[in-house]
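Below is one structure, written out as structure tokens; the observations come after it.
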Amino acid sequence: MSFVNEFNALVLPDLVACSLSATAADVRLSLSRSRLSLADFANLISPAAKELLEIMSSRSQQLTQRRFGKVIRLFAPLYLSNECINNCKYCGFSRDNQILRVTLSPEEVRREADALMLEGFRNLLLVSGEHPKFVSPVYLTDCVRLLHRDVPSISLEVGPMETKDYRSLVEAGADGLVVYQETYDRGVYAKVHTSGPKRDFDWRLETPERAYAAGFRRLGVGALFGLGDWRWEAIAVAAHADYLLRHCWKAHLTVSLPRLRPCAGEFQPLTAFTDRQFTQLVCAFRLMFPDVGLVLSTREPARLRDGLIPLGITLLSAGSHTEPGGYTGAGRDKLHHTKRGRIIELGASEWAGASELHATGQFEIADQRSASEISGMIRELGYEPVWKDWDLVINSTPPEERATAMTQS
Ligand code: SF4
């Protein structure tokens with residue numbers, strides 16, 4: 001049985017209704033339990049729990065320090081290609097957006113990785129749009145193989161693939177797979193994914209299980225906030241995480257809570273999700289899942305990121321670019337448009353400003369600070385920035401020794 005069956009049996013409207021009508025007494029009862037159920041999680045994200053946010057955040061902070069030590073792991077996204085066969089209304093890479101596109105060669109990817117390694121990163125997330133012609137399983141495997149010699153932790157955030165293709169990536173040296181369902185509301189999902197293979201909701205929902213079967217030992221899930229109702233999405237992500245912890249128990253799980261950012265196509269969020277609700281949600285996830293990694297990206301502004309770090313975040317991106325070639329300018333000489341899978345060369349007028357041209361990014365970054373600035377900020381908060389993914393150490397060592405081992409790397 002896959003998560004699709006469990007998801008279909010989940011009565012999300014009832015759980016959301018319970019959350020909306022929960023009282024402060026319900027929230028206190030949930031907070032008193034040592035193991036939380038999905039109904040408790042719904043209570044923790046209720047309007048009533050807003051009044052108890054101080055208690056929740058203090059518990060969340062203590063729990064995170066007990067389980068993870070005072071360390072924040074850093075990673076950087078490395079965009080390989082912004083070609084895409086899908087139309088997702090909220091994404092700058094959507095097929096019908098007339099943007100500047102490029103797919104980096106494996107050697108160009110290597111240059112980008114070298115630049116990130118010079119900054120200190122040892123944990124890279126390879127990201128790309130979904131396009132079988134430009135971003136094939138063979139291409140991805142070549143990129144991973146080329147980086148694996150020097151990059152200890154390689155994760156992928158690419159279009160969902162078959163188990164056999166995932167196996168090749170694991171054999172080449174990739175160890176993490178991130179896939180966001182975007183929205184767990186089937187109606188909204190159908191509305192915002194207007195064409196392309198991504199329209200298949202269930203195929204995407206089963207992706208982490210295929211990745212696990214292929215040998216990935218780090219799995220990342222999440223929803224993109226700003227599409228469906230945030231409580232609906234949060235409860236669904238919690239149910240998904242709970243399922244994966246039970247069925248894919250050898251993997252280390254991370255949950256990410258990205259919010260929509262401006263991008264080409266100028267899509268506007270369909271639903272609101274305030275900073276305070278975001279903070280409440282981070283605490284609720286930590287209290288429900290003490291050992292799950294919580295990821296915070298540069299989609300969020302600096303001040304909010306700094307404030308959320310002590311409350312439960314364990315993994316942070318830094319100095320990010322969302323366009324292929326963003327770290328070195330690699331691929332600038334072959335920018336083009338793409339129409340129905342065909343490359344359309346740029347006209348002379350477009351090349352006229354060539355020195356400033358670069359591939360279009362997926363979305364605008366909110367926290368523009370460099371990796372070293374972020375690392376300094378983490379130290380100022382009393383935490384240790386860790387550039388390498390140390391899951392093996394994390395899983396087998398007590399927190400005090402863990403922190404020592406990590407900072408000595
Ligand atoms: S969200 Fe992913 S699949 Fe959709 S258009 Fe963007 S890159 Fe393509």
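The values are calculated or read from the model by the stated rules, or taken from the named source; none is laboratory data. None of these values were measured; they are calculated from a predicted model. Positions of Cβ are generated from backbone atoms using ideal geometry, with glycine treated the same way; all protein chains shown enter the neighbour counts. SASA here: full protein model, heavy atoms, side chains in, ligands and nucleic acids out. Shrake-Rupley method; radii C 1.70, N 1.55, O 1.52, S 1.80 Å.
Assuming H321 fulfils every condition listed in (1) touching a residue at least 60 places away in the same chain (Cβ under 8 Å); (2) closer than 17 Å to F68 by Cβ; (3) not acidic (D, E) apart from one, which condition is it?
Here H321 meets the rest and fails (2).
Name every residue in region 274-288 that is open to solvent by less than 10 Å² (accessible area, probe 1.4 Å) and not polar (S, T, N, Q), in order of residue number.
F278, L281, V282, C283, A284, F285, R286
Can you pull out every residue in region 154-200 that is open to solvent by less than 30 Å² (accessible area, probe 1.4 Å), closer than 15 Å to G220 by Cβ and charged (D, E, K, R)?
E182
Could you say which residue among L78, L53 is assigned to a strand (DSSP E or B) and touching a residue at least 60 places away in the same chain (Cβ under 8 Å)?
L78
Looking for whichever is among the hydroxyl-bearing types (S, T, Y) and in a strand (DSSP E or B) here; the options are T254, T279. Which one fits?
T254
Starting from region 333-352, keep only residues that are in contact (Cβ under 8 Å) with a residue 12 or more places away in the chain, then list their pairs with residues that are polar (S, T, N, Q) and assigned to a strand (DSSP E or B) whose Cβ atoms are within a distance under 9 Å, requiring at least 6 positions of separation or different chains.
K334/T103
Of all the helices (runs of 4 or more DSSP H) wholly in region 1-44, which have at least 2 residues that are open to solvent by 50 Å² or more (accessible area, probe 1.4 Å) and modelled with pLDDT of 95 or more?
Here the list reads 3-9, 12-21, 24-32.
Closer than 30 Å to E384 by Cα, buried (at least 19 other Cβ atoms within 10 Å of the Cβ) and charged (D, E, K, R): which single residue out of E54, E112 fits that description? First the steps, then the outcome.
On the way: E54 fails: buried (at least 19 other Cβ atoms within 10 Å of the Cβ).
The unique qualifying residue is E112.
Considering only region 234-256, I want to know if a residue exists there that is within 15 Å of the ligand (Cβ to nearest atom) and not β-branched (V, I, T).
Looking through region 234-256, at least one residue is within 15 Å of the ligand (Cβ to nearest atom) and not β-branched (V, I, T).
Condition check ((1) hydroxyl-bearing (S, T, Y); (2) open to solvent by 20 Å² or more (accessible area, probe 1.4 Å); (3) in a helix (DSSP H, G or I)) across all residues:
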| position | (1), (2), (3) |
| --- | --- |
| P208 | no, no, yes |
| F216 | no, no, no |
| G222 | no, no, no |
| V237 | no, no, yes |
| L244 | no, no, yes |
| P262 | no, yes, no |
| L270 | no, yes, no |
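Could you pull out the residue among Y212, Y189 that is over 17 Å from N8 (Cα atoms) and without any contact (Cβ under 8 Å) to a residue 40 or more places away in the chain?
None of the others qualify; the one that does is Y212.
When F3 is evaluated against the numbered criteria (1) more than 30 Å from L381 (Cα to Cα); (2) out of contact with any Leu (no Cβ under 8 Å at 6 or more places or on another chain); (3) not small (G, A, S), which criterion, by number, is the only one it fails?
Looking at each condition in turn, F3 falls short on (2).
Open to solvent by less than 30 Å² (accessible area, probe 1.4 Å) and either among the small types (G, A, S) or farther than 20 Å from T254 by Cβ (or both), is that true of S317? Talk me through it step by step, then tell me what you get.
On the way: open to solvent by less than 30 Å² (accessible area, probe 1.4 Å): yes; either among the small types (G, A, S) or farther than 20 Å from T254 by Cβ (or both): yes.
Yes, satisfied.
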